[in-house]
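Encoded as structure tokens, the structure appears first; notes follow it.
The values are calculated or read from the model by the stated rules, or taken from the named source; none is laboratory data. These figures come from a predicted structure and were not determined experimentally. As a convention, Cβ positions derive from the backbone with ideal geometry for all residues, glycine included, and neighbour counts pool all protein chains shown. To get the accessible areas, we keep the full protein, side chains included, count just its heavy atoms, and leave off ligands, DNA and RNA. Shrake-Rupley method; radii C 1.70, N 1.55, O 1.52, S 1.80 Å.
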Amino acid sequence: MKIIKKVLDVTTTKDEQMIDITEMVRETLIGTSIKNGTLYLFVPHTTSAVTINENTDPNVKKDMLYSLKQSFPIEKEFLHFEGNSHAHIKSSVIGNDQTVFIEDNDLLLGRWQALYFCEFDGPRQRKLNLQFVGE
Amino acid sequence: MKIIKKVLDVTTTKDEQMIDITEMVRETLIGTSIKNGTLYLFVPHTTSAVTINENTDPNVKKDMLYSLKQSFPIEKEFLHFEGNSHAHIKSSVIGNDQTVFIEDNDLLLGRWQALYFCEFDGPRQRKLNLQFVGE
Amino acid sequence: MKIIKKVLDVTTTKDEQMIDITEMVRETLIGTSIKNGTLYLFVPHTTSAVTINENTDPNVKKDMLYSLKQSFPIEKEFLHFEGNSHAHIKSSVIGNDQTVFIEDNDLLLGRWQALYFCEFDGPRQRKLNLQFVGE
């Protein structure tokens, strides 16, 4: 079993955004030569997240960001001086880690699935940590 | 360290539903002979999820689905042509992966915990991917 | 690759609370001598959770708990006889597992990240399960 770590750069261009990172992650996996095992994605920030969702209609991303904005609005009772508490809670609700199985040196995703980096307080230069474990 | 993959079939019968899959997963684990390690559950769909919650009062499931419906309603502003954006956001909020420790060839769950497959846009024939890693 | 399990005790003192467990987890990691690999945190309860968020301004925790309370209120339609369904849904929304990379026998966290045990139905005596896998 090998353990290989990589760090990817993700540039976000909007305040809230879901960026499809599937191909970037797949290319990094191919470079590791790991055939079978587990990939962990980890976002080292507290106002962004990583998730898996639909890869076809771009309106799904828009609707998801809209739904999150409705469900976790900026509350006038918020105390945090930076004014981005809505982004912190979204980060923990969507989550900053994601596990994906590796098979035949490829990501074992469902037919309609893509990996998304979720920006909730951009635009910013972000990092995405990857750890590949397998053989 | 061995890596063993399995795929389970889950048949959902309602539009929204939490199905206890603990025994099905436990029996699959027993079949692998892995004594100590990690189990990863992964849902290869974008309108369903997997989670852990209470195993006793069936009203907990009803209340959880009700709470999600209240918090992530169908919004008239949704753009996705399939009309199931509420199911997509619930999938990412609950999450499509879950980690469980393996000990003595059993799932190391708390006393009140069960594993649930969460359907948010059913009924459908679903898959659940399992990966057992250990010795 | 070694697999080492540990169980930590977490005493919560409020009904809803986020407790910084980073140092407690880091000290446990140091004790394992694992230099490189993966740490899994797992909460064996159904009304608490684990997450990663900001480590500096304590108001972020207050705002996050406030936001969750607004988004997942106690609904008069809830059926569960214990009256804590709001805590069950929060547990599944934040999630009861978290993955962290291990490097140089340390937690590979971002500069502003801390690990939090999230109590949603306290105060209680809680457990936190850890599994270290690596070399």
Separation of alpha-carbon centers, region B:1-20 and region A:1-76, rounded to whole Å: 24
Sequence-distant aspartates and glutamates (8 or more away, or on other chains) whose Cα lies within less than 12 Å of C:Lys2: B:Glu135, C:Glu135
Exam field: A:Glu75 pseudo-label spacings to other copies (7 Å along Cα-Cβ), nanometres: 1.8, 1.8
For a quick check of understanding: with a 1.4 angstrom probe and all protein chains in place, what accessible area in square angstrom does C:Lys69 have, to the nearest ten? 100
Compactness index (Cα Rg / 2.2 N^0.38 Å), region C:88-135: 1.39
Efficiency by 1/(1 + (r/R0)^6): what FRET value for A:Lys14 and C:Asp20, r their Cβ-Cβ distance, R0 = 41 Å, to the nearest 0.05? 0.85
Could you run the numbers on buried accessible area between C and A, total for both chains, 1.4 angstrom probe, in Å² to the nearest 100? 2700
Using Cα atoms only, what is the angle between the long axis of helix B:85-94 and the major principal axis of chain B, expressed in degrees (0 to 90) to the nearest 10? 30
Whenever you get a sec, line up C:Leu65, B:Leu41 from highest to lowest accessible area (probe 1.4 Å, protein heavy atoms). C:Leu65, B:Leu41
³J(HN,Hα), Karplus 6.51/-1.76/1.60, whole Hz, each residue of region A:64-80, x for Gly, Pro: 5, 5, 5, 4, 5, 5, 5, 7, 10, x, 5, 9, 5, 7, 4, 9, 4
Using a label point 7 Å beyond Cα on the Cα-Cβ vector, give me the inter-copy distances for A:Glu27 in nanometres, one decimal, shortest first. 4.5, 4.6
Work out the length of the dipole vector of region B:2-134 about its Cα centre, built from +1 on the beta-carbon of each Lys and Arg and -1 on the beta-carbon of each Asp and Glu, and round it to the nearest 20 debye. 300
Integer Hz, Karplus 6.51/-1.76/1.60 couplings in order for region A:50-61, x for Gly and Pro: 9, 8, 10, 7, 4, 9, 10, 7, x, 5, 4, 4
Given only helices, namely DSSP H runs of n ≥ 4 each adding -39500 (n - 2.57), what is the per-residue ellipticity at 222 nm of the protein assembly as shown, to the nearest 500 deg cm²/dmol? -7500 deg cm²/dmol
Return P(r) of chain A (all Cα-Cα pairs; 10 Å bins starting at 0; whole %; ordered from short to long distances). 12, 41, 31, 13, 3, 0
To the nearest 10 degrees, the tilt of helix B:22-32 (Cα long axis) against the first principal axis of the alpha carbons of chain B is 40
With the dipole of region C:2-134 worked out from charges on the C-beta (+1 for Lys and Arg, -1 for Asp and Glu) around the Cα centre, which of C:Phe42, C:Leu115, C:Ile21 lies farthest toward the positive end? C:Phe42
List the distances, in nm to one decimal, from the label point of C:Lys62 to the label points of the same position in every other copy, shortest first, placing each label point 7 Å from Cα along the Cα-to-Cβ direction. 3.9, 3.9
From Cα coordinates alone, what are the radius of gyration and Dmax values for the protein assembly as shown in angstrom? 19.4, 54
